[in-house]
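Below is one structure; the comments refer to it alone.
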Amino acid sequence: ESIYEVPLNFERDNISALILERLGLKSRVRKDGLAKWRNFVSRVKNPKSEVKVAIVGKYFDTGDFVLSDAYISIIEAIKHSAAKLGVKVNLTWLNSKRFETGEEKVESLKNYAGVIVPGGFGESGIEGKLAVIKFCRENKIPYLGLCYGMQLMCVEYARNILKLKDANTTEINPATSAPVIDIMLDQKKKLAEGNYGGSMRLGAYPAVLKEGTIAFKAYNQKEISERHRHRYEINPEFIGKLEQAGLVFSGKSPDGKLMEIAELQKKTHPFFLGTQFHPEFKSHPLAPHPLFTEFLKTAIRRE
């Protein structure tokens with residue numbers, strides 16, 4: 001019934017003992033080394049309640065099919081947190097392009113307990129995502145933005161709260177008068193040299209969390225390390241303006257130059273948070289990612 005049952009099926013067929021015997025190795029596993037795994041699978045198969053979550057992306061459509069596997073790591077990370085909380089997450093995949101064309105109305109988002117906008121590249125479907133983010137912010141629908149989802153969250157905030165109607169990312173509009181999202185100066189130098197791979201921030205980077213924030217509560221620690229894959233950052237010129245307008249950068253690089261997590265205070269919104277990094281890659285069935293778990297807790301309360 002679940003891919004997570006596969007290890008249990010192997011063990012039931014005594015596969016590990018056969019492998020150890022063939023390799024001439026002695027078992028070092030306690031009597032039931034899969035106890036925690038069995039407990040996880042049991043929670044996956046026997047949820048106590050259900051919650052509806054929408055993922056708004058642009059890589060779903062391929063002909064007449066919905067290609068949810070484009071976001072498989074996010075889907076599995078949600079499942080990990082759902083099992084921990086004892087719920088089943090009913091996922092709906094919404095194509096951001098349909099919000100642009102008017103085929104899908106943003107008001108339909110009221111049917112969901114939470115919304116996730118994942119990462120991505122390019123211009124396609126972006127205005128649809130911005131409309132979704134605005135609706136979630138104004139209607140207090142729990143929102144989790146991942147990488148591009150955080151960048152667009154800052155663009156939306158600049159457009160509608162700071163009233164910078166031309167606010168954008170230079171990935172979409174290099175000539176924007178309000179480049180809220182831009183390539184950092186040292187990265188621009190690499191691009192000028194033709195070093196495109198070197199212009200991306202890849203791999204694990206540390207971040208320092210601000211106490212009293214949703215992020216700090218979720219991680220319950222001061223410093224974290226998360227995986228990145230992007231070349232665009234929050235433009236330092238707009239950080240102060242966004243903060244003065246109420247956006248909280250709850251996670252920053254140790255030198256304070258790079259914004260890693262953005263959120264609204266809980267008194268303003270129950271959960272409106274975005275990460276520059278990809279937390280889904282760090283989630284594990286037996287150790288769900290704290291941000292996904294905190295997001296789902298809020299969604300459950302809304303449901």
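Structure summary
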quantity: Count of residues meeting criterion [surrounded by fewer than 23 Cβ atoms within 10 Å (Cβ to Cβ) and either assigned to a loop (DSSP other than H, G, I, E, B) or basic (Lys, Arg) (or both)] in the stretch 267-286; calculated: 9
quantity: Residue in the stretch 20-31 that is touching an Asp or Glu at 6+ places or on another chain (Cβ under 7 Å), of a type in the set (Lys, Arg) and in a helix (DSSP H, G or I) present; calculated: no
quantity: The stretch 130-155 residues that are open to solvent by less than 10 Å² (accessible area, probe 1.4 Å), paired with ones that are assigned to a loop (DSSP other than H, G, I, E, B) and of a type in the set (A, V, I, L, M, F, W, C) (beta carbon under 6 Å, 6 or more apart); calculated: 142/271
quantity: Residue in the stretch 212-224 that is buried (at least 20 other Cβ atoms within 10 Å of the Cβ) and assigned to a strand (DSSP E or B) present; calculated: yes
quantity: Hits in the stretch 1-19 (condition: touching a residue at least 24 places away in the same chain (Cβ under 8 Å), in a loop (DSSP other than H, G, I, E, B) and surrounded by 10 or more Cβ atoms within 10 Å (Cβ to Cβ)); calculated: 2
quantity: Residues of the stretch 75-95 satisfying the condition of being β-branched (Val, Ile, Thr) and open to solvent by less than 40 Å² (accessible area, probe 1.4 Å); calculated: 75, 78, 87, 89
quantity: Selected residue [in contact with a helix residue (DSSP H, G or I) (Cβ under 6 Å, 6 or more places away or on another chain) and at pLDDT below 90] from 59, 71; calculated: 59
quantity: Flag for residue 198 being over 19 Å from residue 119 (Cα atoms) and either open to solvent by less than 10 Å² (accessible area, probe 1.4 Å) or modelled with pLDDT of 95 or more (or both); calculated: no
quantity: Tally of residues being more than 14 Å from residue 184 (Cβ to Cβ) and hydroxyl-bearing (Ser, Thr, Tyr) across the stretch 238-259; calculated: 1
quantity: First in the stretch 86-111 and in contact (Cβ under 8 Å) with a residue 12 or more places away in the chain, second anywhere and open to solvent by 90 Å² or more (accessible area, probe 1.4 Å) and assigned to a strand (DSSP E or B), Cβ under 6 Å, 6 or more apart; calculated: 88/50; 90/50; 93/66
quantity: Check on residue 164, farther than 26 Å from residue 91 by Cβ and either surrounded by 18 or more Cβ atoms within 10 Å (Cβ to Cβ) or basic (Lys, Arg) (or both); calculated: yes
quantity: Selection status of residue 24, exposed (fewer than 13 other Cβ atoms within 10 Å of the Cβ) and modelled with pLDDT of 95 or more; calculated: yes
quantity: Scope the stretch 253-262; condition charged (D, E, K, R) and surrounded by fewer than 20 Cβ atoms within 10 Å (Cβ to Cβ); matching residues; calculated: 255, 257
quantity: Members of the stretch 98-129 found to be open to solvent by 60 Å² or more (accessible area, probe 1.4 Å) and farther than 25 Å from residue 88 by Cα, listed by number; calculated: 98, 100, 101, 103, 105, 121, 123, 127
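Per-residue answers, yes or no, for (1) over 18 Å from the mean Cα position of the chain (by Cα); (2) within 26 Å of residue 51 (Cβ to Cβ); (3) modelled with pLDDT of 95 or more; (4) buried (at least 18 other Cβ atoms within 10 Å of the Cβ):
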position: 239; (1), (2), (3), (4): yes, no, yes, yes
position: 243; (1), (2), (3), (4): yes, no, yes, no
position: 264; (1), (2), (3), (4): no, yes, yes, yes
position: 303; (1), (2), (3), (4): yes, yes, no, no
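The values are calculated or read from the model by the stated rules, or taken from the named source; none is laboratory data. From a predicted model like this one, the values you see are computed outputs, not experimental measurements. Cβ: placed from backbone, ideal geometry, glycine included. Neighbour counts: every protein chain shown. For accessibility, only protein heavy atoms count, side chains too; no ligands or nucleic acids. Shrake-Rupley method; radii C 1.70, N 1.55, O 1.52, S 1.80 Å.
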